[in-house]
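Report on the following structure.
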Amino acid sequence: MPGEMNSPSGGKTDYTNATLRPITIKQALDAMQPYPEAPYQIDSAEVASVTFIGQVRNISSQSTNVTYKLDDGTGEIEAKQWIDSMTADSMDTDDPNNSTSNNKNQVELNGYARVFGKLKSFGNKRFVGAHCVRPVKDINELHCHLLEASAVHLFFTRGPSNAQSGAGAEGGGMKGGDSTMGGVGAAGDDYGAGKGLPAMSPVAKRVYHLLKTEPQSNEGLHAQLIAAKLSLPMPDVARAGDELLTAGVIFSTVDEHTWAILEF
Amino acid sequence: MSLQTPRILPSHLHAFHSSSTSGPRSSHTVRILGTVTALRGDTATITCGNNGDVTLILKPDSHLQMGKLVEIVGKVADLEGGGVGIRVLGSMDWGNPADCDYKIYEQVVNATHRLKPIFYDE
């Protein structure tokens, strides 16, 4: 049962979430922890590894680590890369010590660099524990990254785009701030833009979408089944259900954990 | 909070001018991308794809080269001859303009200004 993995006692090392998420530095700074020591969340989705591109404002080399200060126009954050003496003379091309052979792979001051790592904090200071820092030489990569971060943000806040609403989300569909995400959808799409679906958490939207699309009897679907289908922990599904019940878009049928779409 | 430098196109210059009262923008520092098309000592001109030109007020140690694609970080300022330009704070040479698809940059500017929650504070 995947639910047990996310329980507070499970600690923060969740090896089942091996995703790499493209983000902006502002998102890294705004990332929340639901409780102390918990994994960071961006757009209510847990983040494991992140990647971002920024301009290197400062490089400070110590004997055990190299700290880069990066700025991508949305904020500033430090990335700390530990120097592993075991790999210092291996083929690890991103290793900062390895400047003798490969100047091309050297991160330069005021040049752009891409960082892969995990969000960390020390005291009140947020930083990124970097696995890899490498220079960015093609400006298209920078622009592509920013658009990718936008697309992933939209995926988590409004759900996956399908063929029709996808075009809308990239172009004219996204007016103003996305806090008004409930109100913008005009396409005949029940999910992403949410026709008549009020603003709610991404999990609630996924549950709603499943209820809408899954073949079912008029009794609807049980929460356990929804949790299994979406590979979500039971408490999250229950919370999503509460949200949808409060919003009045679903109703409970045979018992309080069996829900169907309320259509009128 | 750290300093933010929104990416813009020439048509957005007026919105980041210090006299602009439309919007509670605290900083007027912006980022812009263009090809260097004229150098006149302490000023220069960059061309931003099909979006027009911007006049730059250079600082003594800005080393811009003709025909190169540059990313400028600077403050929106009044020009002596009227109009608005950018006072350069920093520049980054991206080499040959042919290696950059300016259309992608236009989309980036568009996306960054629509998706405030992940790019810029209001």
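Only the coordinates and a few stated rules stand behind these numbers; no lab work does. In this text the structure is predicted, and so the values were computed from the model without any measurement. Methodologically, a virtual Cβ is constructed for each residue, glycine included, from the backbone with ideal geometry; neighbour enumeration extends over all protein chains shown.
Please report the antiparallel percentage of the DSSP beta bridges confined to the range B:10-117, to the nearest 5. Don't skip to the answer; put the middle values down first.
Numbers: 26 of 28 bridges.
Given both bridge residues lie in the range B:10-117, the antiparallel proportion sits at roughly 95 percent.
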Check your understanding: Which value, in debye to the nearest 20, gives the size of the charge dipole of chain B about its Cα centre, when Lys and Arg are +1 and Asp and Glu are -1 at the Cβ?
Key -> 200
Point to revise | Label-point separation, A:Asn58 to A:Ala199 (7 Å along Cα→Cβ), nm | key: 3.6
Point to revise | Amide proton proximity set for B:Trp94, modelled H, under 5 Å, gap of 5+ | key: B:Leu69, B:Val70, B:Glu71
Review point. So which of A:Lys118/B:Lys75; A:Lys26/A:Lys137; A:Lys26/A:Lys205; A:Lys26/A:Lys80 end up more than 29 Å apart, counting from Cα to Cα?
Key: A:Lys118/B:Lys75
Exercise for review: Report the FRET efficiency, 1/(1 + (r/R0)^6), for A:Ala18 and A:Glu141, where r is their Cβ-Cβ distance and R0 is 25 Å, rounded to 0.05.
Suggested key: 0.65
Review point. Per 5 Å bin, what is the whole-percent P(r) computed from every C-alpha pair distance within the range B:10-117?
Key: 2, 12, 23, 26, 20, 12, 5, 1
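Suppose R0 equals 25 Å. What FRET efficiency, 1/(1 + (r/R0)^6) with r the Cβ-Cβ distance, do A:Ser49 and A:Ile83 give to the nearest 0.05?
Working: r = 20 Å, r/R0 = 0.79.
The formula returns an efficiency of 0.80 here.
If the chain between A:Glu108 and A:Lys125 were fully stretched, how many nm would it gain, using 0.36 nm times the residue separation less the Cα-Cα distance? Present the calculation step by step, with values, prior to reporting the outcome.
On the way: separation 17, 0.36 × 17 = 6.12 nm, distance 2.44 nm.
Length difference between fully extended and current span is 3.7 nm.
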Exercise for review: At 7 Å along the Cα-to-beta-carbon direction for both A:Val254 and A:Ala228, put a label point, then send me their distance in nm to one decimal.
Suggested key: 1.4
Check your understanding: Long-range amide H contacts for A:Tyr40: which residues qualify at under 5 Å (H placed 1.01 Å from N, peptide plane, sequence gap of 5 or more or a different chain)?
Key -> A:Val47
Study note, to complete from the structure: Mean other chain Cβ within 10 Å across A:138-151 is 6
Review point. Does a label point 7 Å from the Cα of B:Lys59, set along Cα-to-beta-carbon, have any residues of the range B:30-48 with amide nitrogen under 12 Å, and which are they?
Key: none
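Given C-alpha coordinates of the range A:200-264, what is the ratio Rg to Rh with the Kirkwood estimate of Rh? Can you show the working numbers first?
Working: Rg = 10.2 Å, Rh = 11.3 Å.
A ratio of 0.90.
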